[in-house]
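Participant: Below you'll find the structure I mean.
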Amino acid sequence: MRNRAKKSFSCLRAVAFAAAAFLHFSCSLKYDETVNVEERVPEFVFQDTTMVRSEDNKITFEMKAGVLEQYKKSSETFAKDVAFTAYDDEGAVSTEGECGLLFSDTDKKIHELYDDIKLYNRSEETNFFADILRWNERNEQLTSGRGDMVRVEKNGTVMRGTGFSASGISKTFSFRGNVSGEIETKSEDDSADASDAIENQAEESAR
């Protein structure tokens, strides 16, 4: 677990999470091979905290974390045991989620989620489950690694696959790797409708 997590994080950024630090030590959530002391030691460390982001006097995002660190002269935030809620323009909840670890760069608008990720999109009534996901706020793209498994549940259909990507603009998702699925049906009529649904989902994933 420790070696796998460290390898996954280091390949994403030169400055990365150390999963072992979260699980076994009380040291910083961020580490570097050789860095300036000010860059290595967090400027602020919050325990059991809630952070809120607002635009035009409206709450757009709320995050709760067991531990949250922010660094001097940096737009990066590192957090552990995270639960978050995103709101639409009308102030209604659009997406809810949680994860074990979070890296966020507000300048680059990149957010990386790790460990036991659970996301629920209310408007699409879709659940997503994964261990590694990356959200690009600029182009509204949610992606996994090429070989990372993601499970999607929607309308009684469950799909699993690798190479996952989803667009917040077009409201579509796809898998570039192997895909498997299952359908929950209640009657023959429902079965026909579900068969059409899984066929449409498979065509969508193949694109």
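Values quoted throughout were computed directly from the atomic coordinates according to the rules given, and no laboratory measurement underlies them. Nothing here was measured: the structure is a model prediction, and the numbers come from that model. A quick note on method: Cβ atoms are made from the backbone with ideal geometry, for glycine too, and the neighbour counts reach across all protein chains shown.
Participant: Residues with amide H under 5 Å of K109's amide H, sequence separation 5 or more or different chain, H placed in the peptide plane at 1.01 Å from N; which?
Facilitator: none
Participant: Length gain on complete extension for the stretch T172 to T49, per 0.36 nm per residue less the alpha carbon to alpha carbon distance?
Facilitator: 40.9 nm
Participant: Then there is this: For region 114-164, report the convex hull volume of the alpha-carbon atoms normalised per residue, in Å³, without decimals.
Facilitator: Convex hull of Cα atoms, per residue: 76 Å³.
Participant: Can I ask one more? Over 23 Å between C-alpha atoms is what I'm after, so list which of K118/K171; K72/K109; K64/K108; K64/K118; K58/K118 land there.
Facilitator: As for pairs spanning more than 23 Å Cα to Cα, those are K58/K118.
Participant: When you count, for each residue, the other Cβ atoms within 10 Å and take the mean per peptide, how do 48-57, 86-95, 115-124 rank with the highest first?
Facilitator: Going from most to least packed, we get 115-124, 86-95, 48-57.
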